[in-house]
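Everything on this sheet refers to the single structure shown next.
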Amino acid sequence: MNKVLSNKKAIALFVGPAFILYTVLVMVPVLWSLYYSLYSGSPGLKWEFAGLKNYINLFTDKNFLKALGVNFKYISVVVIGQVGFGLLMALMFKFWLRRCKTVVRTLVFFPVVLPTVAVGQLFAKIYEIQPNYGLLNSFLSKIGLQNLVQPWLGQEKTALWALCIMDIWVAMGFYSVIFYGALLDIPDDVLEAARVDGASGFQLFRRILLPLLWPMVITSTVFSFSGTVKMFESALALTKGGPGAATKSLSMYMYDNAFTYYKVGYASVIAIVIFLICVVGSAVINRFDVKDY
Amino acid sequence: MKKVRAGLRGFVIILICVIEIYPLFWMLTASLKQQSEWSEYPAYALNKGFHFQNYADAWTRGNMATFFKNSLITTLVSLVFIVIFSTTVGFAVTKMKWKYRDAVAKYFTFGIMIPVAIALIPLFQIYSKTKLLNTHLCLILTYIAFGLSLSIYLVKGYLRSFPDDIMEAAVIDGCGIYRLMWYVLTPLMKNSIVTVLVLQFFFKWNDLLFSMTFISDSKLKTVQTGLLYFSDEFGSKNWGAIFASVSMSVFPMLILYMILNKAVIEGMTAGAVKG
């Protein structure tokens with residue numbers, strides 16, 4: 001048995017190709033980015049050693065700070081929206097739903113399987129005002145709220161919210177299914193016992209359900225966080241970062257620097273910032289996972 | 001009183017379902033509208049007829065046929081390799097006995113944390129030096145490499161609880177390592193393979209960042225980049241064709257979801273719960 005399982009040739013064959021591919025195309029580029037970040041310009045084009053200058057420039061770069069702000073606003077709204085609505089929906093399903101459990105679960109999961117670009121295009125038409133009213137504006141004008149009709153994606157103050165709502169819509173079903181699964185795992189007699197002891201609805205949630213669901217809440221928050229830090233595809237598909245830079249995220253700003261302005265070194269620094277936010281943020285959220293609630 | 005309350009609760013749940021489904025339904029009806037319907041009727045009106053010409057336009061004039069072919073090639077080829085690699089590596093790092101196996105397992109798991117953005121620029125340089133930009137190959141290689149970490153992690157989680165007795169019985173019967181892998185383990189790992197397939201199909205089919213960076217030739221664009229490009233070309237005028245092309249890009253996922261409903265939900269949530 002052990003002889004078969006320590007067959008060196010087989011191990012090399014099983015692990016080798018994947019190991020090489022992963023090293024060359026994932027790990028090497030990550031380290032390479034660190035090296036790039038110390039240079040200014042673009043390889044072959046004013047490529048000069050800059051030391052830590054790129055890092056220092058970040059602090060005075062207005063566009064970077066703006067993108068950072070947009071990205072953080074987006075992260076906080078979308079994470080709270082996705083996880084919060086997901087949890088709320090799961091609770092409704094658990095306590096209010098008697099029949100059609102599978103049907104409801106299947107329906108709310110639908111948006112999750114849609115390609116991001118398709119969702120972006122769809123919502124662009126929902127928010128549209130020119131040349132025809134889109135879905136939202138035509139509804140508003142129908143129910144007499146003509147004064148609310150506006151170019152949702154064309155104004156700084158509404159564009160980011162429109163984007164957040166789209167991304168919450170896409171994923172809240174996903175989180176509700178996760179939480180619903182966790183809720184169904186909680187044995188009924190635990191809830192029954194609490195009810196017999198006279199716990200009200202809110203107490204039941206606060207004292208029994210929330211502690212039991214807490215690890216899942218943390219996991220979901222980390223997942224939602226690491227997805228939103230990357231903020232790229234949905235924003236590109238819906239608004240292309242506009243109007244102005246109202247929905248331009250760090251990833252998009254990095255992309256512009258690398259492929260439009262040819263500032264590869266500087267773009268690498270921004271990529272590293274994104275990586276750090278991802279790692280540090282996830283670690284901070286995980287700290288809230290108190291074992292003895 | 002109780003009845004009113006139950007009715008209200010039912011209403012809220014139905015409302016949630018409508019919110020999640022209606023935009024999708026609207027998209028499908030909109031894809032069958034004629035151009036004139038947009039200016040004559042409000043946007044929420046149902047389609048007056050079935051204007052399938054939109055789909056024909058998107059498929060031929062909008063190049064959706066080409067984009068579909070490209071997406072299918074890159075996605076399917078990379079899926080095959082992701083499944084092969086993740087099962088063999090997953091097996092080697094959980095069940096086989098060798099010195100560096102835990103270190104290698106950690107090395108692969110580390111990749112789950114890495115945002116794609118950080119590797120993008122060096123990858124572009126690598127592909128431009130090796131003249132692989134604007135080929136299917138560079139997308140396939142990237143898809144495989146970035147699909148490994150999570151897939152291996154999922155397979156590992158499954159194999160860890162896998163009883164050794166079956167393997168032992170097979171080995172006593174004279175089964176070598178390759179036959180053990182192929183004839184004994186692979187069939188038993190069907191569930192985790194389906195999970196990996198579903199999750200990775202979704203990721204690869206939806207990829208935008210890599211394909212828009214590495215592919216500029218419009219004959220090689222995938223569905224997602226194609227859609228963006230398409231809406232820039234026709235977007236503001238030809239709404240019917242836009243909706244038709246968006247609907248088309250959604251169909252593969254919808255069909256997959258309708259057939260494999262349970263497996264899809266399990267596969268996609270596995271990435272969050274276990275990853």
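Each label point was placed 7 Å from the Cα along the Cα-to-Cβ direction; for residue B:178 and residue A:279 their separation is 4.1 nm. Counted by neighbouring Cβ atoms within 10 Å, the residues B:75, A:260, B:66 run from fewest to most as A:260, B:66, B:75. FRET efficiency for the pair residue A:31 and residue B:5, taken as 1/(1 + (r/R0)^6) with r the Cβ-Cβ distance and R0 = 45 Å, rounds to 0.15. Between residue A:195 and residue A:161, the contour length at 0.36 nm per residue exceeds the Cα-Cα span by 8.2 nm. Summarising the label geometry, the points placed 7 Å from Cα in the beta-carbon direction at residue B:112 and residue B:35 lie 5.1 nm from one another. Checking the cross-link pairs A:73/B:204; B:69/B:131; A:125/B:204; B:156/B:262; A:46/A:263 against a 18 Å limit on the alpha carbon distance flags A:73/B:204; B:69/B:131; A:125/B:204; B:156/B:262 as lying beyond it. A straight chain from residue B:19 to residue B:162 at 0.36 nm per residue would run longer than the Cα-Cα distance by 47.3 nm.
Taking θ as phi - 60° and the Karplus parameters 6.51, -1.76 and 1.60, the scalar couplings of segment B:197-213 work out to 4, 4, 4, 6, 4, 4, 4, 6, 4, 8, 4, 10, 4, 5, 5, 6, 7 Hz in sequence order, x denoting glycine and proline. Among B:265, B:218, B:230, pick out the residue whose Cα is farthest towards the positive end of the charge dipole of segment B:161-275, where Lys and Arg carry +1 and Asp and Glu carry -1 on C-beta, about the Cα centre. Comparing the listed Cα positions along the dipole, B:230 ranks first. Taking the helices alone, the protein assembly as shown has a mean residue ellipticity at 222 nm of -22500 deg cm²/dmol, built from -39,500 (n - 2.57) per DSSP H run of at least 4 residues and averaged over all its residues. Extension gain, residue A:206 to residue A:288, is 27.9 nm, computed as 0.36 nm per intervening residue step minus the present C-alpha separation.
Suppose every K and R has +1 on its Cβ and every D and E has -1 on its Cβ; what is the size of the dipole of the protein assembly as shown about the Cα centre, in Debye to the nearest 20?
360 debye
Using Cβ counts within 10 Å as a stand-in for footprinting exposure, how do A:166, B:1, B:212 rank, fewest first?
Working: A:166 26, B:1 5, B:212 21.
Lowest count first: B:1, B:212, A:166.
Ordering B:208, A:238, A:38 by the number of other Cβ atoms within 10 Å of each residue's own Cβ, fewest first, gives A:38, B:208, A:238. Here the simple spin-label model places points 7 Å from the Cα toward Cβ, and for residue A:261 and residue A:141 these points are separated by 4.0 nm. In the protein assembly as shown, one over the average inverse separation of all distinct C-alpha pairs is 25.6 Å, which is the Kirkwood hydrodynamic radius. Taking Cα atoms only, the orientation of helix B:261-273 departs from the longest principal axis of chain B by about 70 degrees.
Compute the relative contact order of segment B:130-275 as a whole-number percentage, counting only Cα pairs closer than 8 Å that sit 6 or more residues apart in sequence. Reported as a whole number, the value is 35 percent.
Placing R0 at 56 angstrom, the Cβ-Cβ distance between residue A:99 and residue B:130 gives a FRET efficiency of 0.45 after rounding to 0.05.
None of the figures in this text is laboratory data; all of them are computed from the coordinates on show. What you see is a predicted model; the values in this text were computed from it and never measured. Every residue, glycine among them, receives a Cβ derived from its backbone with ideal geometry; neighbour counts consider all protein chains shown.
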